[in-house]
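A quick write-up on the structure given underneath.
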Amino acid sequence: MSTWRPAERIAFWAFRADRYEGYRRFAYTQLGSDADAEEAADNAFESIMGAWPRMLGMGHLDRYAWTIVKRRIVDQRRKRNLRPEPTDISAFEAALNETVADPYEVLTGTIFFYTAVRRLSERQRDVVILYYGLDYSTRRTASILGIEEASVRSTLRQARNRLAQLLGVPTNASGDGKDRS
(Lines give C-alpha, C1' and ligand atoms only; values in the text may rest on other atoms or scores of the structure.)
Protein backbone atom coordinates (compact mmCIF):
# COMPACT_ATOMS: atom_id res chain seq x y z
CA MET A 1 0.00 0.00 0.00
CA SER A 2 2.95 2.30 0.59
CA THR A 3 3.66 2.32 -3.16
CA TRP A 4 0.12 3.23 -4.08
CA ARG A 5 -0.85 6.67 -5.30
CA PRO A 6 -3.09 8.64 -2.91
CA ALA A 7 -6.09 8.16 -5.23
CA GLU A 8 -5.59 4.36 -5.12
CA ARG A 9 -5.53 4.40 -1.31
CA ILE A 10 -8.66 6.54 -1.11
CA ALA A 11 -10.45 4.31 -3.62
CA PHE A 12 -9.50 1.15 -1.71
CA TRP A 13 -10.66 2.45 1.68
CA ALA A 14 -13.89 3.76 0.16
CA PHE A 15 -14.51 0.40 -1.51
CA ARG A 16 -13.79 -1.44 1.74
CA ALA A 17 -16.07 0.87 3.75
CA ASP A 18 -18.87 0.33 1.23
CA ARG A 19 -18.56 -3.46 0.86
CA TYR A 20 -17.17 -4.89 4.11
CA GLU A 21 -20.44 -5.27 6.01
CA GLY A 22 -22.24 -6.82 3.04
CA TYR A 23 -19.43 -9.29 2.47
CA ARG A 24 -19.31 -10.15 6.17
CA ARG A 25 -23.08 -10.66 6.38
CA PHE A 26 -23.05 -12.87 3.30
CA ALA A 27 -20.15 -14.87 4.73
CA TYR A 28 -22.19 -15.41 7.91
CA THR A 29 -25.01 -16.96 5.88
CA GLN A 30 -22.48 -19.39 4.45
CA LEU A 31 -20.41 -20.09 7.57
CA GLY A 32 -22.87 -19.72 10.46
CA SER A 33 -20.35 -18.02 12.75
CA ASP A 34 -19.58 -14.36 13.36
CA ALA A 35 -15.89 -15.12 13.92
CA ASP A 36 -15.61 -17.17 10.72
CA ALA A 37 -17.54 -14.59 8.71
CA GLU A 38 -15.35 -11.75 9.96
CA GLU A 39 -12.19 -13.72 9.24
CA ALA A 40 -13.40 -14.56 5.73
CA ALA A 41 -14.25 -10.90 5.04
CA ASP A 42 -10.90 -9.75 6.45
CA ASN A 43 -9.04 -12.31 4.35
CA ALA A 44 -11.00 -11.24 1.29
CA PHE A 45 -9.98 -7.63 1.76
CA GLU A 46 -6.39 -8.65 2.35
CA SER A 47 -6.48 -10.41 -1.02
CA ILE A 48 -8.24 -7.47 -2.63
CA MET A 49 -5.62 -5.14 -1.20
CA GLY A 50 -2.87 -7.26 -2.76
CA ALA A 51 -4.48 -6.94 -6.17
CA TRP A 52 -5.97 -3.47 -5.83
CA PRO A 53 -3.82 -1.43 -8.25
CA ARG A 54 -4.39 -4.11 -10.93
CA MET A 55 -8.09 -4.33 -10.08
CA LEU A 56 -8.54 -0.61 -10.66
CA GLY A 57 -7.83 -1.20 -14.34
CA MET A 58 -10.46 -3.93 -14.63
CA GLY A 59 -13.81 -3.38 -16.26
CA HIS A 60 -15.60 -5.47 -13.64
CA LEU A 61 -13.82 -4.71 -10.37
CA ASP A 62 -16.91 -5.55 -8.27
CA ARG A 63 -17.35 -8.91 -9.96
CA TYR A 64 -13.70 -9.80 -9.41
CA ALA A 65 -13.92 -8.74 -5.75
CA TRP A 66 -17.02 -10.95 -5.32
CA THR A 67 -15.05 -13.90 -6.73
CA ILE A 68 -12.37 -13.27 -4.11
CA VAL A 69 -14.98 -13.14 -1.34
CA LYS A 70 -16.49 -16.44 -2.45
CA ARG A 71 -13.03 -18.06 -2.49
CA ARG A 72 -12.22 -16.81 1.00
CA ILE A 73 -15.52 -18.24 2.27
CA VAL A 74 -14.59 -21.62 0.79
CA ASP A 75 -11.12 -21.32 2.35
CA GLN A 76 -12.66 -20.51 5.73
CA ARG A 77 -15.03 -23.46 5.49
CA ARG A 78 -12.11 -25.77 4.72
CA LYS A 79 -9.98 -24.25 7.47
CA ARG A 80 -12.66 -24.88 10.07
CA ASN A 81 -13.61 -28.21 8.48
CA LEU A 82 -17.22 -27.08 8.56
CA ARG A 83 -19.62 -29.87 7.73
CA PRO A 84 -23.19 -28.65 8.31
CA GLU A 85 -24.62 -26.33 5.72
CA PRO A 86 -25.27 -22.93 7.33
CA THR A 87 -28.67 -22.85 5.66
CA ASP A 88 -29.64 -25.72 7.98
CA ILE A 89 -28.56 -23.60 10.96
CA SER A 90 -30.57 -20.69 9.56
CA ALA A 91 -33.61 -22.92 9.31
CA PHE A 92 -33.44 -23.69 13.03
CA GLU A 93 -32.92 -20.01 13.87
CA ALA A 94 -35.87 -19.01 11.71
CA ALA A 95 -38.10 -21.63 13.31
CA LEU A 96 -37.11 -20.53 16.81
CA ASN A 97 -37.96 -16.91 15.98
CA GLU A 98 -41.48 -17.80 14.83
CA THR A 99 -44.28 -17.67 17.38
CA VAL A 100 -46.68 -20.23 15.98
CA ALA A 101 -48.71 -23.10 17.35
CA ASP A 102 -46.54 -25.75 15.67
CA PRO A 103 -42.84 -24.77 15.51
CA TYR A 104 -42.04 -28.22 14.08
CA GLU A 105 -44.12 -27.40 11.01
CA VAL A 106 -42.27 -24.10 10.57
CA LEU A 107 -38.93 -25.89 11.01
CA THR A 108 -39.67 -28.57 8.44
CA GLY A 109 -41.00 -26.00 5.96
CA THR A 110 -37.96 -23.80 6.46
CA ILE A 111 -35.53 -26.69 6.04
CA PHE A 112 -37.38 -27.76 2.90
CA PHE A 113 -37.09 -24.20 1.54
CA TYR A 114 -33.37 -23.92 2.35
CA THR A 115 -32.75 -27.30 0.75
CA ALA A 116 -34.43 -26.00 -2.40
CA VAL A 117 -32.32 -22.81 -2.30
CA ARG A 118 -29.17 -24.96 -2.23
CA ARG A 119 -30.33 -26.52 -5.50
CA LEU A 120 -30.33 -23.17 -7.31
CA SER A 121 -27.40 -22.14 -9.46
CA GLU A 122 -24.62 -20.33 -7.61
CA ARG A 123 -25.61 -16.96 -9.10
CA GLN A 124 -29.27 -17.49 -8.22
CA ARG A 125 -28.35 -18.55 -4.68
CA ASP A 126 -26.16 -15.47 -4.19
CA VAL A 127 -28.88 -13.14 -5.45
CA VAL A 128 -31.59 -14.80 -3.34
CA ILE A 129 -29.45 -14.65 -0.20
CA LEU A 130 -28.50 -11.01 -0.71
CA TYR A 131 -31.96 -9.82 -1.78
CA TYR A 132 -34.25 -11.89 0.42
CA GLY A 133 -31.98 -13.21 3.15
CA LEU A 134 -30.09 -9.98 3.84
CA ASP A 135 -32.89 -7.70 2.59
CA TYR A 136 -30.67 -5.74 0.19
CA SER A 137 -32.20 -3.68 -2.57
CA THR A 138 -31.86 -4.60 -6.21
CA ARG A 139 -29.33 -1.79 -6.59
CA ARG A 140 -27.25 -2.89 -3.59
CA THR A 141 -27.33 -6.54 -4.66
CA ALA A 142 -26.18 -5.57 -8.15
CA SER A 143 -23.42 -3.40 -6.72
CA ILE A 144 -22.10 -6.15 -4.44
CA LEU A 145 -22.13 -8.75 -7.19
CA GLY A 146 -20.79 -6.40 -9.85
CA ILE A 147 -23.70 -6.96 -12.22
CA GLU A 148 -26.49 -4.82 -13.67
CA GLU A 149 -29.75 -4.27 -11.78
CA ALA A 150 -31.61 -5.82 -14.72
CA SER A 151 -29.52 -8.97 -14.23
CA VAL A 152 -30.52 -9.07 -10.56
CA ARG A 153 -34.21 -8.76 -11.46
CA SER A 154 -33.89 -11.43 -14.14
CA THR A 155 -31.98 -13.77 -11.83
CA LEU A 156 -34.56 -13.27 -9.08
CA ARG A 157 -37.35 -14.11 -11.51
CA GLN A 158 -35.54 -17.26 -12.63
CA ALA A 159 -34.79 -18.23 -9.01
CA ARG A 160 -38.42 -17.72 -7.95
CA ASN A 161 -39.60 -19.89 -10.85
CA ARG A 162 -37.06 -22.60 -10.02
CA LEU A 163 -37.96 -22.50 -6.31
CA ALA A 164 -41.66 -22.73 -7.13
CA GLN A 165 -40.90 -25.77 -9.28
CA LEU A 166 -38.74 -27.38 -6.57
CA LEU A 167 -41.27 -26.65 -3.83
CA GLY A 168 -44.30 -27.63 -5.94
CA VAL A 169 -46.06 -24.28 -5.62
CA PRO A 170 -47.68 -22.22 -8.37
CA THR A 171 -45.57 -19.42 -9.81
CA ASN A 172 -46.49 -15.78 -9.45
CA ALA A 173 -45.74 -14.23 -12.85
CA SER A 174 -45.87 -10.70 -11.48
CA GLY A 175 -43.03 -11.29 -9.00
CA ASP A 176 -43.10 -10.85 -5.25
CA GLY A 177 -44.54 -7.34 -5.15
CA LYS A 178 -41.36 -5.87 -3.73
CA ASP A 179 -39.77 -2.82 -5.20
CA ARG A 180 -36.55 -2.21 -3.33
CA SER A 181 -34.54 -0.49 -6.03
Checklist outcome for this item: Flagged pairs (Cβ under 8 angstrom, 6 or more apart or on separate chains; first in the stretch 1-16, in contact (Cβ under 8 Å) with a residue 24 or more places away in the chain and part of a helix (DSSP H, G or I); second of a type in the set (Gly, Ala, Ser) and open to solvent by less than 30 Å² (accessible area, probe 1.4 Å)) are Phe15/Ala65
Checklist entry - Could you count how many residues in the stretch 41-79 are of a type in the set (A, V, I, L, M, F, W, C), farther than 16 Å from Ala11 by Cα and touching a helix residue (DSSP H, G or I) at 6+ places or on another chain (Cβ under 7 Å)? => result 6
Next on the checklist: One residue is enough: does the stretch 116-135 have a residue meeting the conditions modelled with pLDDT of 60 or more, of a type in the set (Gly, Ala, Ser) and open to solvent by less than 30 Å² (accessible area, probe 1.4 Å)?
Outcome noted: yes
Checklist outcome for this item: Across the stretch 64-83, the tally of residues that are closer than 17 Å to Ala51 by Cβ, among the aliphatic types (A, V, I, L, M) and in contact (Cβ under 8 Å) with a residue 40 or more places away in the chain stands at 2
Checklist entry - Any idea which of Trp52, Trp66, Trp13 is open to solvent by 30 Å² or more (accessible area, probe 1.4 Å) and not polar (S, T, N, Q)? => result Trp13
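The values are calculated or read from the model by the stated rules, or taken from the named source; none is laboratory data. No experiment lies behind these values; they were computed from the predicted model shown. All Cβ positions, glycine included, derive from the backbone under ideal geometry; neighbour counts span all protein chains shown. For the accessible areas, the whole protein counts, side chains as well, though only heavy atoms, and no ligand, DNA or RNA atoms are used. Shrake-Rupley method; radii C 1.70, N 1.55, O 1.52, S 1.80 Å.
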